[in-house]
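For reference, the structure is listed below as structure tokens.
The values are calculated or read from the model by the stated rules, or taken from the named source; none is laboratory data. The structure displayed is predicted, hence computed values, not measured ones. Please note: Cβ atoms are built from the backbone with ideal geometry, for glycine as well, and neighbour counts cover all protein chains shown. Calculation scope for accessible area: heavy atoms of the full protein, side chains included, ligands and nucleic acids excluded. Shrake-Rupley method; radii C 1.70, N 1.55, O 1.52, S 1.80 Å.
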Amino acid sequence: QKEVEQDPGPLSVPEGAIVSLNCTYSNSAFQYFMWYRQYSRKGPELLMYTYSSGNKEDGRFTAQVDKSSKYISLFIRDSQPSDSATYLCAIWKTSYDKVIFGPGTSLSVIP
Amino acid sequence: DAGVIQSPRHEVTEMGQEVTLRCKPISGHNSLFWYRQTMMRGLELLIYFNNNVPIDDSGMPEDRFSAKMPNASFSTLKIQPSEPRDSAVYFCASSQPTSSSEQYFGPGTRLTVT
């Protein structure tokens, strides 16, 4: 079983829709959870960072972590064409451990 | 800050040739990471350095791959000899001392080996 799994998509939604992106992970030792966004032909950039279970909101983006289910989600409200990108979830234990990236979900927001 | 700088941005070479990729991390960041990204395998960590010392090179696929970090502001990833299956986008990333999970990625080097 892979350490982190993610539906690769592609996911296509109309502008203004609510988008839900999801990942599952296998090891309960992971404590830190991130979402990176990667535009075409660019490097990934950190979008959201959470530590505990629960929700964290930043503008139109909400990251949700359920450690009991080993399930992490990213919600995008009022999606915009500029949100079209690949979204990678990432998990991390502690210092000196490597960050594990999911394969990424490709999202297209259609005007 | 200019961010993480990588060179070259594109590299096309023939099988068997040596390839050297270069990275300049963000000033003040003491962790540096080399990743490889392909459609099939996604983003894979090859090696990472902390304070210029290699900490984990378990992701380096073969002896043909080597990485160095001679000082805090420069790192290289070398492939010798290169093979067509090495074709991928290679990213360098860096992070601050207190938060190696918050990584800042460079623009990548797109390598094509024919």
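Given their separation in residues at 0.36 nm each and the Cα-Cα distance between them, residue B:20 and residue B:55 gain 10.5 nm when the chain is fully extended. Beta bridges assigned by DSSP with both partners in chain A are antiparallel in approximately 90 percent of cases.
Exceedance of the 32 Å cut-off in Cα-Cα distance is limited, within the set A:93/B:24; A:56/B:68; A:42/B:68; A:67/B:78, to A:56/B:68; A:67/B:78. The Cα atoms of chain A give a gyration tensor whose axes a ≥ b ≥ c have a/c of 1.5 or more with a/b greater than b/c, which makes the shape prolate. Neighbouring Cβ atoms from other chains, within 10 Å of the Cβ of residues in A:99-108, number 3 on average.
Model label points for residue B:10 and residue A:67, set 7 angstrom from Cα along the Cα-to-Cβ axis, are 4.7 nm apart. Report note on the peptides A:2-9, B:23-30: ranked by the mean count of other C-beta atoms within 10 Å, highest first, their order is B:23-30, A:2-9.
When the residues B:62, B:18 are ordered by accessible surface, computed with a 1.4 Å probe over the protein chains alone, the sequence from largest down reads B:18, B:62. With both labels modelled 7 Å from their Cα along Cα-to-Cβ, the residue B:78 to residue A:56 distance reads 4.0 nm.
Protection proxy ranking, highest mean first, for peptides B:87-94, A:18-25, A:35-42, A:77-84: B:87-94, A:18-25, A:35-42, A:77-84, where packing is the per-residue count of other beta-carbon atoms within 10 Å, averaged. Note on residue B:71 and residue A:41: the model spin-label points, each 7 Å out from Cα along the C-beta direction, lie 3.3 nm apart. Beta bridges from DSSP with both residues in chain B: antiparallel share about 90 percent, rounded to the nearest 5. For the residues of A:25-35, the average number of beta carbons from a partner chain within 10 Å of their own beta carbon is 1. For the peptide A:38-48, the mean number of other protein chain Cβ atoms found within 10 angstrom of a residue's Cβ is 5.
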